[in-house]
1. Dipole magnitude of the chain about its Cα centre, charges +1 at Lys/Arg Cβ and -1 at Asp/Glu Cβ only, in debye to the nearest 20?
2. From the phi of every residue in region 255-263, what ³J(HN,Hα) in whole Hz does the Karplus formula 6.51 cos²θ - 1.76 cosθ + 1.60 yield, where θ is phi - 60° and glycine or proline is x?
3. Summing -39500 (n - 2.57) over the DSSP H runs of n ≥ 4 in the chain and dividing by its residue number, what mean residue ellipticity at 222 nm do you reach, to the nearest 500 deg cm²/dmol?
4. Report the calculated FRET efficiency for residue 423 and residue 465 (r = Cβ-Cβ distance, R0 = 25 Å), to the nearest 0.05.
5. Is the shape of region 297-379 best called rounded, prolate or oblate, per the rule: a/c under 1.5 gives rounded, else a/b larger than b/c gives prolate, else oblate, with a ≥ b ≥ c the square roots of the Cα gyration tensor eigenvalues?
6. With just the Cα atoms defining each centre, how far is region 452-485 from region 336-408? Give it in Å.
7. Please work out the FRET efficiency for the pair residue 168 and residue 492, using the Cβ-Cβ distance as r and a Förster radius of 56 Å; give the result to the nearest 0.05.
8. Please report how far the C-alpha centroid of region 527-560 lies from that of region 238-276, rounded to the nearest whole angstrom.
Amino acid sequence: MSTHRKHLTRRRLLAASTVGVAGSGAAVAAGTGLLSSASAATFGHSDDGKNHVIDTGASLVFKVSKSTGDLTSLVHKGKEYEGYGGKHSHVESGLGASTVGIKQAGNTVLVSVAHGTLRHYYAARKGQNNVYMWTNKADTSFTATRYIARIKAGIFPNEGPDSWVEAVDTVIEAGDVWKEPNGQTRSKHYSGTRVMDYDHVGYTTGSVGLWMVRSNHEKASGGPFYRSLLRHSNDGGVGLYEILHYNQSQTEAMRFGLQGPYVLAFTDGGTPSASLFAKNLDTSWVDGLGISGWVGKSGRGKVSGVGLKGMNADYAYTVGFASKDAQYWAKSASDTGAFSCPGMLPGTYTLTVFKGELAVHTQEVKVTAGGTTALNSLTISGDPSTAKTIWRLGDWDGTPGEFKNAKLMTYAHPSDVRASKWTGNVVIGNGGEAASFPAYMWKDVNDGILVYFKLTAAQAAAAHTLRVGVTTAYINGRPRVTVNDWVSALPSAPSQPSTRSLTTGSYRGNNHTFTYNVPASAWKSDTGQYNVLKLNIVSGSSGSAFLSPGTSFDCMDLLA
């Protein structure tokens, strides 16, 4: 670590407020690197020997390496923004030796990069301070699919759950989770945001903003509720990401093909124009560029639904579409449930209606190029909340949102000083039960949580089904239950992501419901006594503390 970095202080680095996923601010952070040959006067491209140099004819000049396809320079209004730690901006962690070409077609300059079976593209449009990008991944020769824009340190404020100071903070997990001296935790994983909930991510000083505007994610994996890296900042530099497949809490297989455009956009401090958002972007200018795998508007179709029957007014509904080749989603109208999903590639999809994040209806739907598939009202019949219960802890929505620490866990580590104690038992009927029950449970942290409840004589005379819903698990952690003296069989482990999740800001896995048929003989015969439900985490794997086997809860109830 350099002497300069050792003497950096959090006060200096955090002196201004940053802007996150969709905000704007007025803080000004100092920067360096003014270039004397900042920009040319006209739109076009040139060659400096090592790089293709593209002038947008606005306030942006950028360079692409002729040998690797890395983005090696971003000069906006005479100031260099690109690069840190001796690295540039690129696909994955850098492609290495590649074949790089360039051409100009009217008001567009297109740079093409070929490396093995992977193709990447950069485009500039005359008069715009934007870099448009596409990535076409054909196979598993690369294990992830991401683009990282590396930005110099000291230009934008260093603050937020995805920021840290290496000279001050301490690594507490896997080299990528940090703890501040005040006990708060930070990580590049802590975006706190589902992919369906943001259009752009970036930073602003108040006078200049730099943003990554995401693509439609049709070739990504994980669906509308997936959380992944969006950005990070520290005393070494800033990263802006477009993540399509990251091998982190992934619930679907990797998809292949062309993804984009996603856009690296400069502004005068505000958020990027809504015209750049994937749902609004006019891409007719792309049709004639010869980008491998590009499908224009005429080659796409649409699905429209009249509405949904059986909705719960307390929840938002999303309609997702997934095949092995593409994914899409659309928000349903809160009153009727009507939805519309345009711009879809032709094919057969599984349509899934989500209440919150819980699948409550599925069916097959076909999409044709240039056509609209019209659907009559869909009737929701798979909502477990409609079952009659003796008691219910939380609600069936596919998230742990009602439980203790749930919201904090999308942008903090479980050991964070702001987290309430993970231990603590619950008494049904005392009020506030869900808020007292932990969102997560680990074998090595809070195993053996107890739930107390009473039954009437009629209820105690019959067998009942206990349901425990989970949203994900770490290393096959799953609940085994004991009711008074009765002990359930060991439940089988459902399919869940194999990577870290509960400590990296994600409860999103594969929703699964464990059912336990509790015989009448298990209950207390004295109606004045509490029955005691005990939950233990079991697994064939081992770990310690917050990396021991664990799970995230959705809902728990005892059926009438």
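1. Working: 52 positive and 41 negative charges, 92 e Å.
For the chain, the charge dipole is close to 440 debye.
2. Residue by residue, region 255-263 yields 9, 10, x, 7, 10, x, x, 10, 10 Hz.
3. It lands at -500 deg cm²/dmol.
4. Working: r = 27 Å, r/R0 = 1.10.
E(calc), rounded to 0.05, equals 0.35.
5. It is prolate, given that a/c is not under 1.5 and a/b is the larger ratio.
6. If you average the Cα positions of each part, the centres end up 26 Å apart.
7. Details: r = 46 Å, r/R0 = 0.81.
FRET efficiency, residue 168 to residue 492: 0.75.
8. 37
Values quoted throughout were computed directly from the atomic coordinates according to the rules given, and no laboratory measurement underlies them. These numbers were taken from a predicted model, which means no experiment stands behind them. Methodologically, a virtual Cβ is constructed for each residue, glycine included, from the backbone with ideal geometry; neighbour enumeration extends over all protein chains shown.
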